[in-house]
């Protein structure tokens with residue numbers, strides 16, 4: 001060995017001994033103390049279709065691993081329950097009226113400040129693979145390979161760094177293939193931030209052939225609110241056109257042919273529900289299988305300990321709850337997002353949190369872990385302390401929701417949710433109010449608005465609604 005090489009090696013060894021760590025060639029965890037960040041997000045995956053959240057209808061053993069080895073957040077909510085707006089909130093840490101994507105028809109302004117850009121500035125390698133759904137080209141990523149629009153389940157086109165390419169295979173598998181390949185090929189001298197976004201289980205719910213027979217001889221249990229009559233509720237839920245039944249079949253399943261004839265209205269609803277849920281859950285089986293592939297890769301590559309791994313969805317979804325499918329409403333199944341998080345260095349295995357966290361908080365939380373400065377105009381707050389089971393005394397007790405779109409009989413509405421109560425206001429012409437006591441009525445079946453016994457609760461929540469509007473800069 002040359003003298004200068006000997007001296008350099010000796011110095012490195014001494015430094016390693018002083019720090020308690022010795023660098024090992026090829027050990028990526030030793031090269032960078034800041035954590036890698038891998039955010040896996042599916043589309044329309046309701047938390048009550050994850051067994052770690054107590055699902056009655058399916059098992060998700062690989063997704064559950066993240067919960068068993070990390071934390072399950074029981075009260076994670078979205079601020080606007082629809083695909084593109086939720087993605088824009090996650091990217092910017094700002095409510096929809098500030099990031100410009102208030103509904104699915106708006107184009108995301110890629111020139112604005114975003115989480116991947118801020119992490120790039122902090123020295124991270126950034127990548128996005130899978131669903132983008134924001135109508136403009138991804139910015140802030142060293143590598144992008146995304147679906148155009150909604151993308152196809154089979155043989156999809158993907159756009160790799162601006163170049164369109166047709167692929168052969170099933171989209172969930174292909175997205176995972178691309179993601180793992182990038183993780184293998186990436187520069188290993190920097191930490192990485194990857195957004196791995198699945199199309200599934202978004203409509204039209206086309207399963208991988210591997211899972212076509214899953215649930216074939218099984219009846220999926222109907223939710224307890226499947227036959228909700230909406231008594232005492234506003235006209236908004238009554239006029240909602242995304243009910244399980246013939247219209248759902250026409251929109252999403254006509255490729256199977258016409259509905260069987262001779263069935264009653266109730267029998268038709270039950271029959272369509274079985275087709276809907278079996279295909280939806282088959283798509284989730286593929287997602288779960290591919291989450292397992294990613295977990296195995298992180299273990300094999302020695303990346304497990306120094307990688308923050310998150311599983312979430314862009315919002316919740318109705319799985320026949322209240323006789324509905326889709327999202328948009330502020331009701332629990334639509335509002336609630338799954339959020340599972342693993343980081344062995346800080347998060348205790350098998351832990352859970354019931355604090356109110358939002359998709360608004362993702363950007364500031366991940367920048368906190370990356371030791372990056374959080375700009376003052378970001379509206380979310382880091383929940384890193386909550387993940388360590390050290391909830392700040394001043395953590396939020398309420399959250400604000402705002403939906404803008406007019407579609408499928410659903411109009412714009414806003415609301416406030418606490419740990420116990422939820423107040424929803426259907427806007428434009430004051431189309432009505434709904435109040436639910438979530439402790440006594442977790443299924444949101446009894447509208448208490450107008451009940452004299454809850455007058456003070458309503459007054460308090462209306463005042464909080466005004467406070468939150470002002471805090472987030474939202475016009476009435």
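No lab work stands behind these numbers, since they all come straight from the coordinates. No experiment lies behind these values; they were computed from the predicted model shown. Positions of Cβ are backbone-derived with ideal geometry, glycine not excepted, and every protein chain shown enters the neighbour counts.
So for each of 256-264, 425-433 I average, over its residues, the number of other beta carbons within 10 Å; can you give me the resulting order with the highest mean first?
Ranked from most to least packed, the peptides come out as 425-433, 256-264.
For the chain, what does the helix formula give at 222 nm: sum of -39500 (n - 2.57) over DSSP H segments with n ≥ 4, over the residue count, nearest 500 deg cm²/dmol? Please report the intermediate quantities before stating the final value.
Working: 14 runs with 147 residues, N = 476.
-9000 deg cm²/dmol, from helical runs alone.
Take peptides 61-73, 79-91 and line them up by average Cβ neighbours within 10 Å, highest first, as a rough protection proxy.
Working: 61-73: 21.2, 79-91: 25.5.
The densest-packed peptide leads the list: 79-91, 61-73.
Against the chain, whose longest principal axis comes from its Cα atoms, helix 455-472 is set at around 40 degrees. With all pairs of separate Cα atoms included, segment 31-190 yields a Kirkwood hydrodynamic radius of 17.4 Å. Normalised by 2.2 N^0.38 Å, with N the number of residues, the alpha-carbon radius of gyration of segment 428-476 equals 1.30. Relative contact order of the chain, taken over Cα pairs closer than 8 Å and 6 or more residues apart, is 23 percent. Distance from the C-alpha centroid of segment 60-105 to that of segment 107-182: 17 Å, rounded to the whole angstrom.
Relative contact order of segment 328-476, taken over Cα pairs closer than 8 Å and 6 or more residues apart, is 15 percent. Rg ratio for the chain: its Cα radius of gyration over 2.2 N^0.38 Å, N being its residue count, equals 1.02. Between residue 452 and residue 305, the distance separating the two model label sites (each 7 Å from Cα on the Cα→Cβ line) works out to 6.6 nm. Ordering 300, 444 by the number of other Cβ atoms within 10 Å of each residue's own Cβ, fewest first, gives 300, 444.
In whole percents, the pair-distance distribution calculated for segment 28-96 from its alpha-carbon pairs, binned every 10 Å from zero, is 15, 38, 33, 13, 1. Quick check on segment 206-354: take the gyration tensor over C-alpha atoms, sort the square-rooted eigenvalues as a ≥ b ≥ c, and tell me if it's rounded (a/c under 1.5), prolate or oblate. Oblate, since a/c reaches 1.5 and b/c is not below a/b. What distance in nm separates the simple spin-label points at residue 469 and residue 440, each placed 7 Å from Cα in the Cβ direction? According to this spin-label approximation, the distance is 2.8 nm. Relative to the longest principal axis of the Cα atoms of the chain, the long axis of helix 171-185 makes an angle of roughly 20 degrees. Taken over the alpha carbons of segment 203-256 as equal point scatterers, the Debye sum produces base-10 log I(q)/I(0) values at 0.12, 0.17 Å⁻¹ of -0.44, -0.80. For the pair residue 219 and residue 460 in one chain, pulling the backbone fully straight at 0.36 nm per residue adds 82.3 nm over the alpha carbon distance. Semi-axes of the equivalent ellipsoid for segment 351-392, computed as √(5λ) from the eigenvalues of its C-alpha gyration tensor and ordered from largest down, come to 18, 12, 7 Å. Kirkwood hydrodynamic radius of segment 342-476 from all distinct Cα pairs, in Å? This gives a value of 17.1 Å.
Rounded to the nearest 10 degrees, the angle from helix 265-300 to the longest Cα principal axis of the chain is 10 degrees.
I need the peptides 282-295, 106-119 ranked by packing, meaning the mean over residues of other C-beta atoms within 10 angstrom, with the highest value on top. Don't jump to the answer; show the numbers that get you there.
Details: 282-295: 22.7, 106-119: 18.7.
Ranked by mean Cβ neighbours within 10 Å, highest first: 282-295, 106-119.
Label-to-label distance for residue 181 and residue 397 is 5.3 nm, based on points extended 7 Å past Cα in the beta-carbon direction.
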